[in-house]
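S.K.: Okay, here's the structure, questions in a sec.
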Amino acid sequence: MSTQIREIDNYFSVKVELLPLGVAIPCDVFIQEEGEIKTILKKGEHFSLDIKNTLKDKKIEMVHVNQGDKKIFQNFIFEFKPKEYFNNILDRYTINNEFYYKIEKECLNPEIPINFSLYVHDGSNFQLLLEASEENPKNISQGQLIEGDILISKRDLNLYKDYLQKLIKENKTEPKILKETTKLLLREIYSEPTNRKNLLILGDKIEEIINYGTLESKMIENLLIMKKLDNYNYVHSLNVMALSLSLGLKIKLEKEELRLLGLASALHDIGKTRISPLILSKLGKLSEKEFQIYKTHVIESVKIAKELGLSDKVIDGIAHHHEKLNGTGYPFRLKGEQISFFGKIIAIADAYEMLTTPKAMKYALTPYNALMILVQDKGCYDKSLLQTFIKMLGRII
Ligand SMILES: [Fe+2]
C-alpha cells in the first residue's frame, strides 16, 4: 500500500488523490513549489477539478496541511472516505512517511526473538529501538524497554500477531498476551464490522479468557491492570469487555453466559463506526442535535449485531447498554426489570470505563472517584451488581 500521508515539520502531507473532489475542505491546504510553501486552498474552499488538473500539470502529488488542523482533517477524511481513513489514519502514529501501531511492551519477551523492528516515542522524540527482520531476528533485553510508547510499523502487524502466537505456544498464555491479541482482533472488527470470520475468532478468544479466568482468579486483576490510556473505540470496547467479563466471573455466571456477555460487551459500541467522527471526537459539549445523532450508535450497534446473526441475549445486552434503571437512559427509556441482565452489567462497565479514561481536554477520574460517581448515580445502576463491581475493583485499586 502506498503511503498517502506523511509528516514534515509543521505540516503533514497528503496525497492529492485522498482529497474528495467538489467538497469544501475544512482547513487551509498548501503545496510546496520551488522550495516554498504556498496556499492552494483556503479553508472552506472547494477542491475543484480545475485545481486538481493544475496540480497534475505541475506534477504535484502531495499537498500539505498544518499539524494544528490534523484532527479536523482526519475527521473530514473519515466523513468522505471512511475506507481510506481506516486504512491510513485510524491509529495515532503517522511519522516519517510510515504508519505505526502501539504495542504493549509487557508482551515483549526477552527469550523469544523478534523479527520486526521496534520504535519508541516518548511524547516528543521518535527513534528506532531495535532493528530486526525475518532474516535477522533479535532478542530484546529488559533494559531496552525504556520510558515511552513502543511502536511497530503497521506493515509488521502480521509478524507481531505471529510473535504473540509464538508466546502462546511457548505456554506463555498470560492475560496480557490474551488481551493484546484480542485488542488486535477488535481493531480489525471495528474496521470491518460485518466480517463474520473475525467474529468467530473473537468467540474463541473470549472462551480462552473465560477458561483462564475460571482457573485463575488473578485473571481479573491482570485484565484490569492492563487498562491503558489509548482512546480508540476498539480499546474502549476491549476494556469494557474485560470489566464485564470480570464482573461475570465474579458473580459466577455459567461459561456459555460468559461467552455471550463477552460478545455483547466487545461489540456494544460497534455502531459508532457508523457515526461521524466529527461528533465522536468533538471537543466540548455536543449540541442537542449532535447528541441525538450520537445516541443512534446504539441502534446502529444492534443492526450490525443482527447482520452478524448474534443471539437475542447478545443483542439485548448491546441494545440496553445506555439504559438506566430509573428510566433516564436511552434509546428506549427502559426501567428496572425491562433492562436485560447483560445490559445492566455492560452499563456499569461502560460508565466506569468512560469515567476513568482521559478524553481530549478532560482528565480521567481516579478509579475511586469514578466508583463514587457510580454510587451517587445509584438510581441508574443495578444495586447488587454495582456492589459486587465495587468490591471486585476495591481489591485492586
Ligand atoms: Fe455506547
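The values are calculated or read from the model by the stated rules, or taken from the named source; none is laboratory data. All of these numbers come straight from a predicted model, not from anything done at the bench. Neighbour counts run over all protein chains shown; Cβ positions are idealised from the backbone, glycine included.
S.K.: Restricting the search to the stretch 291-309, which residues are away from the ligand (no atom under 15 Å from the Cβ) and in a helix (DSSP H, G or I)?
M.R.: Across the stretch 291-309, the qualifying residues are LYS306, GLU307.
S.K.: Okay, next question. From the residues in the stretch 1-34 that are among the charged types (D, E, K, R) and assigned to a loop (DSSP other than H, G, I, E, B), which one is modelled with the lowest pLDDT?
M.R.: Residue satisfying both the conditions and the ranking: ASP9.
S.K.: Which ones in the stretch 358-384 are modelled with pLDDT under 85 and within 20 Å of GLY327 (Cα to Cα)?
M.R.: Result: ASP377, LYS378.
S.K.: Might you check whether a residue that is in a loop (DSSP other than H, G, I, E, B) and at pLDDT below 80 occurs anywhere in the stretch 205-218?
M.R.: Yes, the stretch 205-218 contains at least one residue that is in a loop (DSSP other than H, G, I, E, B) and at pLDDT below 80.
S.K.: Just to check your reading of the model, which residue among LEU278, LEU355 is away from the ligand (no atom under 16 Å from the Cβ), surrounded by 15 or more Cβ atoms within 10 Å (Cβ to Cβ) and at pLDDT below 95?
M.R.: LEU278
S.K.: I'd like the full set of residues that are in contact (Cβ under 8 Å) with a residue 40 or more places away in the chain, over 22 Å from GLU257 (Cα atoms) and within 14 Å of the ligand (Cβ to nearest atom), limited to the stretch 326-344.
M.R.: GLY329
S.K.: Can you find even one residue in the stretch 296-317 that is modelled with pLDDT of 95 or more and in contact with a Lys or Arg (Cβ under 7 Å, 6 or more places away or on another chain)?
M.R.: Looking for residues that are modelled with pLDDT of 95 or more and in contact with a Lys or Arg (Cβ under 7 Å, 6 or more places away or on another chain), one finds at least one in the stretch 296-317, hence yes.
S.K.: Test LEU151 against the stated conditions and say whether it is surrounded by 15 or more Cβ atoms within 10 Å (Cβ to Cβ) and under 22 Å from PRO110 (Cβ atoms).
M.R.: In short, yes.
S.K.: Can you say whether GLU323 is modelled with pLDDT of 90 or more, among the acidic types (Asp, Glu), within 13 Å of the ligand (Cβ to nearest atom) and not in a helix (DSSP H, G or I), as far as the supplied structure shows?
M.R.: yes
S.K.: Of the residues ASP269, ASP312, ASP316, which single one is more than 13 Å from the ligand (Cβ to nearest atom), in contact with a Ser or Thr (Cβ under 7 Å, 6 or more places away or on another chain) and either under 19 Å from ARG187 (Cα atoms) or among the acidic types (Asp, Glu) (or both)?
M.R.: ASP316
S.K.: Return the total of residues in the stretch 247-266 being among the aliphatic types (A, V, I, L, M) and within 15 Å of the ligand (Cβ to nearest atom).
M.R.: 2
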